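Only one structure is covered here, and it is reproduced in the block below.
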Amino acid sequence: MEREKIIAKMQSLISEIDKHNYNYYVLDNPTISDAEYDKIYYSLVDLEKESGITLPYSPTLRVGGEVLAGFEKRKHEVNLYSLNKVRDYDDLNAWVADMNKLTGGTEFAVEYKFDGLSLVIEYQNGLFKSATTRGNGTVGEDVTSQVKTIRTVPLSIPFKGRLIVQGEGMMTNKSFAEYNKTAEEKLKNPRNGVAGAIRNLDPKETAKRKLDFFCYQVLLSEGKEFKTQKEIHDFIKAQGFLTGDYFHICTNAQQIIDCIEEVDKIKNDIDTMIDGMVIKINNVSSREDIGWTAKFPRWAMAFKFAAQEVSTILENVLWQVGRTGRVTPIANLQPVELAGATVTRATLNNIDDIKRKGVLENSRVFVRRSNEVIPEIMGLAERFENSKEIKVPLVCPSCGQPLVLKGPLLYCENHFGCREQVVDRISHFASRNAMNIEGFSEKTAGALYDNLGVRHLSDLYKLSKEDLLTLEKFKDKKANNTINSLEGSKQTELYKFLYSLGIPEVGIKTAKDLAKRFKTLQNIMSASEEELVDVEDIGEIIAKNIKTFFEDKYNLDEVQKLFDCGIVIEQVAAATETNAFVEGKTFVLTGTLSKPRKEIEDLIESLGGKTSGSVSKKTDYVLAGQEAGSKLDKAKSLGVKVINESEFFSLIND
Ligand code: AMP
Ligand code: ZN
C-alpha cells in the first residue's frame, strides 16, 4: 500500500476505535462486544507493525511507552489558581451575598470538587499534545506519556483551535479495588493511587492503574469564546471528555445549599472521590469584573465536606470483649478532628483486617468515618522506627480464659464467667430501646456482676429491693423504681424482646421487621435462612447471625430462663410504627452517643423520621452527644434546636 492509503486506513480505524472507547469509557455504554473491539484494535496494531508508521494520536500509544529518565518541568501558559474554601453555610451565604452585591444578581454553576490530581492538557489542531501537573500553579511537570494512557483523555477532538483544559486525574473506587486485588504492593487509597500513577516514570505502570480524567475548565481556547460556565461544560462534553454528571445552575444560596445537601447524602456511593462542591459564577464576563486575588479567583468558592478520612497516630490496641464473647481490637488514636467530631478510638474489626492493612502500634494510619460512632482504620500511612507489630492476645483480657479462634474472629467462650461480656449483655438488655429498665447503666451492670452475682439475664428478675439497696448509689427510691421497672418489663413486645437478646447486628429496625413478618418468637427461632433473607433489609449475614444465635445452647437456655421468670410476649402487632415527636422531622446526629449512630438512625427512621448528615435550616433537631463539634456550632448559628440523648428519649416516650 502507498503511504497515503495506509494513513487513511489508519485514520479510519482510529476514529472507529475512538468512538468505541468513548462509548465504553465515557458513556459507560459499549455498542460492540470486547471481541469485536479487539479485532478492530489489532488490525490497527498489525498495520502499524507492517508499515512502521504510528500516528501520534493512535490509541495503541495508550499502553505506555518507554520508561522516562526524569520529569521535565513546564511553565504553565495560564496560571493555575487555588480555590477559596468555606466549610459552613454561614460563610457560603456571606460569599453568595457578596457576589450578588458585586454583580447585581447572578447565576452560579455548582459542580463536584474532585479530589484527585489536577492536570492541564493541551490540544493543537484537534490532537492531544501535552499534559502537565499543576505543580506550584506556575510551573508543573510534563506527564504527557503518563496521561496518554488514560482512556478518558481523548487523543483527538473535534475542536481544531489551540485548546488548554484543566481537570482532575482520578482513580475510581472500582479501579482502586480491582488494582488492589492483584497488586503486590497495595494502594492506600484512590487519591494516592492517582498521584503515584501519574508521577511514575514508567507509563506502563500508569496504564495499569486504569485512571480517569474529569475535565472541568477551559483555560485557553483559540478562536472560541464562552459566555457561561454552562457553555464551557457543554463544550467540554462535546469534545468527548468525562465531566462528572453533576452540573447545576442555581440562582440563590438556598438552591446551592440544596445541591450540597443532595450530594452530601450520596457522596460515598459515587465511584469517584469528591471532597466538596465548587460554586462558580456562571457568567464569564462577570468573572472578569470580580477578578482574582493572588491565590484564587474571587468568583469561585469551594464548599468542603467535613473530612471523611484523616491520618493520625495509632498509639496502641485494646482488646474489647463484647456481649457475644467476641474479642475485637480497638485502636487508641491520637485525638484527631474527623467529620466534625474529635476521634480518639477506631475499630480494626478482626485479626485478618490487622494483617491485611499492615497497621502497627506507633504508626500513622488512615481513619475514615463510617456509619457507626466508632470510625474505621483504613490502612497504614507511615511507619516509624519504634513502630511495632500488634500482638494478638492468647487469653481473654477480661477473664483470662484461653481465647478461641473462629475464622478471623477471636472469642472468649467463658459465657457466664467473663465480666466484660456479661456486663455488656446485661447493659444492652436493660437499655432504653430494649427492656428499658430504669436507673440502669453499665456501672450498675458491673455492680450487679461484682456484688450480687448476676450472670444470666434472667438473674435480673431474681433481684430483690434489699439486694439493690446494698449497692452504692441505690437509695430507697431508685431501688423501688428499678424493681418496678423490672417487674413491668416482663410484659413485653416481640420486637423489644428480640432486640434485647443482643443478636449480632440485629438492631431495633431489624427486630421490628422480624416481628412484623414472623409474629411469634417460635416462628423466628425456627425460620430457615432463606425465609429470613426473604425479609426486606435482611441480608445473608444477619440471617446467619440469627440462625447461629438460636442454635447456641447457651442462648436457648437463656431464653428459656427468661420465660421461666415470667416474661410474657404480648401478641400484638409490632408497636405503633410512628411517633408523634419523631414523625416527619429531620434529625442530624453528632458527637459520641451512647450507642452506635446507625442504631439511633434506624430508630428514628423506624418511627417515621428522617436523618441527614449535615445541618441546614431544614433540620428540625440536632441530637448532640459528647464532644460534638462543628455541627453543633452550626445548629446554634442557624437557630436549630439542639437536644441531648436523654431529652431525645424522653420526648420519644412522651
Ligand atoms: P485545593 O487543592 O483543596 O486547594 O482545591 C483547589 C483544587 O480543586 C483546584 O486546583 C482543582 O485542582 C481542584 N478541583 C476539583 N474539582 C474542581 C472543579 N470542579 N472546578 C475547579 N477546581 C476543581
Ligand atoms: Zn473472657
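The values are calculated or read from the model by the stated rules, or taken from the named source; none is laboratory data. Because the structure is predicted, anything quoted here is derived from the model rather than measured. When we count neighbours, we look across all protein chains shown, and the Cβ atoms used for this are built from the backbone with ideal geometry, even at glycine.
Odds and ends about this structure:
- When residues of region 214-250 are limited to those that are in a strand (DSSP E or B) and surrounded by fewer than 18 Cβ atoms within 10 Å (Cβ to Cβ), the one nearest to the chain's Cα centre (by Cα): 247
- All of 637, 594, 614 fail the test of being surrounded by 18 or more Cβ atoms within 10 Å (Cβ to Cβ), small (Gly, Ala, Ser) and not in a strand (DSSP E or B), apart from 614.
- Filtering 197, 177 for residues that are at pLDDT 90 or above and small (Gly, Ala, Ser) leaves a single hit, 197.
- Of everything in region 563-582 that is at pLDDT 85 or above and at negative phi, the residue that is surrounded by the most Cβ atoms within 10 Å (Cβ to Cβ) is 582.
- Subset of region 60-73 that is within 35 Å of the chain's Cα centre (by Cα) and in a helix (DSSP H, G or I) - its residue that is modelled with the lowest pLDDT: 63
- Selection of region 453-463 for residues being surrounded by fewer than 17 Cβ atoms within 10 Å (Cβ to Cβ) and either assigned to a helix (DSSP H, G or I) or aromatic (Phe, Trp, Tyr) (or both) yields only 462.
Table: residues versus (1) farther than 18 Å from residue 535 by Cβ; (2) surrounded by fewer than 17 Cβ atoms within 10 Å (Cβ to Cβ).
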| residue | (1), (2) |
| --- | --- |
| 465 | yes, yes |
| 470 | yes, yes |
| 473 | yes, yes |
| 481 | yes, yes |
| 486 | yes, no |
| 495 | no, no |
| 510 | no, no |
| 516 | no, yes |
| 520 | no, yes |
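- Number of residues in region 99-141 that are basic (Lys, Arg) and either near ligand 1 (Cβ under 10 Å from one of its atoms) or buried (at least 23 other Cβ atoms within 10 Å of the Cβ) (or both): the value is 2.
- Residue list for region 260-293, filter: modelled with pLDDT of 90 or more, away from ligand 1 (no atom under 13 Å from the Cβ) and either small (Gly, Ala, Ser) or closer than 30 Å to residue 369 by Cβ (or both): 260, 261, 262, 285, 286, 291
So that you can scan it fast, the table gives a plain yes or no per residue for (1) within 16 Å of ligand 2 (Cβ to nearest atom); (2) touching a residue at least 24 places away in the same chain (Cβ under 8 Å); (3) closer than 30 Å to residue 456 by Cα; (4) crowded, with 17+ Cβ neighbours inside 10 Å:
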position	(1), (2), (3), (4)
258	no, no, no, no
277	no, yes, no, yes
321	yes, yes, yes, yes
332	no, no, no, no
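- Any hit, region 279-287, residues being of a type in the set (S, T, N, Q) and part of a loop (DSSP other than H, G, I, E, B): yes
- Verdict on residue 439 being in a helix (DSSP H, G or I), more than 16 Å from ligand 2 (Cβ to nearest atom) and outside the structural domain of residue 404 (by TED's automatic domain parsing): no
- For region 60-78, the criterion of a residue being more than 16 Å from ligand 2 (Cβ to nearest atom), within 25 Å of residue 304 (Cβ to Cβ), of a type outside the set (S, T, N, Q) and out of contact with any Lys or Arg (no Cβ under 7 Å at 6 or more places or on another chain) is satisfied by at least one position.
- Screening the candidates 176, 214 for the property of being of a type outside the set (Ser, Thr, Tyr) and touching a Phe, Trp or Tyr at 6+ places or on another chain (Cβ under 8 Å) yields one hit, 214.
- Residue that is within 29 Å of residue 441 (Cβ to Cβ) and of a type in the set (Gly, Ala, Ser), where the choices are 639, 613, 629: 629
- Residue count, region 76-110 (criterion: assigned to a strand (DSSP E or B) and either hydrophobic (A, V, I, L, M, F, W, C) or in the same structural domain as residue 639 (by TED's automatic domain parsing) (or both)): 4
- Of the residues making up region 294-338, those that are within 16 Å of ligand 1 (Cβ to nearest atom) and assigned to a loop (DSSP other than H, G, I, E, B) are 294, 295, 296, 298, 299, 305, 306, 307, 308.
- Extreme residue, nearest to ligand 1 (Cβ to nearest atom), among residues of region 415-431 that are over 16 Å from residue 503 (Cα atoms) and buried (at least 20 other Cβ atoms within 10 Å of the Cβ): 420
- Of the residues making up region 497-525, those that are charged (D, E, K, R) and within 30 Å of the chain's Cα centre (by Cα) are 505, 509, 512, 513.
- Region 18-59 - residue that is among the polar types (S, T, N, Q) and either over 27 Å from residue 143 (Cβ atoms) or surrounded by fewer than 18 Cβ atoms within 10 Å (Cβ to Cβ) (or both) and, of those, nearest to the chain's Cα centre (by Cα): 29
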